[in-house]
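To keep things clear, I will list the structure first and then write my remarks on it.
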Amino acid sequence: MIRSILAVLAGFVTWFVVATLANFLIRALVAGYAAAEPTMTFTFTMMIARLGAGVVSSLVAGFACAAVARGNVAVVYITAALLVLLFLPVHFKLWPKFPLWYHGFFLITLAPLVLLGGAMRRRVRKVRPVHPT
């Protein structure tokens with residue numbers, strides 16, 4: 001039970017750390033992003049960059065959660081569901097700031113990407129080479 005809770009926490013913390021680091025990277029690489037951020041008046045390119053950050057954050061969060069869960073797939077599903085539940089009110093609040101396709105992409109892909117990240121961790125564990133002794 002403790003490991004499951006830690007796995008969920010690892011998924012959440014990882015999602016937000018990766019998203020924050022990605023946001024710093026977007027600020028540095030995408031012209032005008034920092035100026036557009038306070039009012040959330042993003043260009044198409046800026047929105048794609050933000051969605052890309054969400055994709056990477058979700059994959060890495062699922063991977064981290066699965067690593068801590070050690071094969072308990074249900075914990076990755078729980079983490080994915082909780083992240084969706086967390087972001088639903090956020091996107092509802094931001095609804096007028098972004099086009100429908102933006103909200104749709106983020107919310108529809110969030111859980112599957114977390115699950116894919118978890119599956120990638122399980123796959124890496126299975127493929128790990130055996131070291132000769």
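Filtered by the rule that a residue be open to solvent by less than 50 Å² (accessible area, probe 1.4 Å) and under 13 Å from the mean Cα position of the chain (by Cα), region 88-107 gives Phe106, Leu107.
Applying the set (1) open to solvent by less than 50 Å² (accessible area, probe 1.4 Å); (2) modelled with pLDDT of 95 or more; (3) not small (Gly, Ala, Ser) to Arg121 leaves exactly one unmet item: (2). Return the residue satisfying two criteria in turn: it lies in region 1-26 and is more than 21 Å from Phe87 (Cβ to Cβ) and in a helix (DSSP H, G or I), and of such residues it is least open to solvent (accessible area, probe 1.4 Å). Result: Ser4.
One line per residue, one yes/no per condition, for (1) under 15 Å from the mean Cα position of the chain (by Cα); (2) hydrophobic (A, V, I, L, M, F, W, C):
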| position | (1), (2) |
| --- | --- |
| Ser4 | no, no |
| Pro38 | no, no |
| Phe63 | yes, yes |
| Thr79 | yes, no |
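The single residue among Leu110, Leu85 that is open to solvent by 70 Å² or more (accessible area, probe 1.4 Å), part of a helix (DSSP H, G or I) and either touching a residue at least 12 places away in the same chain (Cβ under 8 Å) or farther than 16 Å from Gly52 by Cβ (or both) turns out to be Leu85.
Do you know which residues across region 27-47 are crowded, with 17+ Cβ neighbours inside 10 Å, part of a helix (DSSP H, G or I) and among the aliphatic types (A, V, I, L, M)? Lay out the reasoning, then the answer.
If we filter region 27-47 for residues that are crowded, with 17+ Cβ neighbours inside 10 Å, which is where we start, we get 30, 33, 42, 46-47.
Going one step further and asking which of them are part of a helix (DSSP H, G or I), we end up with 33, 46-47.
Selection gives Met46, Met47.
Scanning region 64-82 for residues that are free of Cβ contacts under 8 Å to residues at least 60 places away in the same chain and either touching a Phe, Trp or Tyr at 6+ places or on another chain (Cβ under 7 Å) or part of a loop (DSSP other than H, G, I, E, B) (or both) turns up just one, Gly71. Looking only at residues of region 48-75 that are small (Gly, Ala, Ser) and buried (at least 23 other Cβ atoms within 10 Å of the Cβ), we find that the one that is farthest from Gly32 (Cα to Cα) is Ala69.
What is the one condition in (1) of a type outside the set (Phe, Trp, Tyr); (2) at pLDDT 95 or above; (3) within 19 Å of Arg123 (Cα to Cα) that Ile48 does not satisfy? Going through the list (1) of a type outside the set (Phe, Trp, Tyr); (2) at pLDDT 95 or above; (3) within 19 Å of Arg123 (Cα to Cα), Ile48 breaks only (3). Annotation note: Cβ proximity below 9 Å between a residue of region 17-42 that is on the phi > 0 side of the Ramachandran plot and a residue that is assigned to a helix (DSSP H, G or I) and surrounded by fewer than 15 Cβ atoms within 10 Å (Cβ to Cβ) (sequence gap 6+ or interchain) occurs for Met40/Lys97.
The values are calculated or read from the model by the stated rules, or taken from the named source; none is laboratory data. Note that this is a predicted model, so its numbers are computed, not measured. Note: ideal-geometry Cβ built from the backbone for every residue, glycine included; neighbour counts use all protein chains shown. Side chains are part of the model used for accessible areas, which takes the heavy atoms of the whole protein and leaves out ligands, DNA and RNA. Shrake-Rupley method; radii C 1.70, N 1.55, O 1.52, S 1.80 Å.
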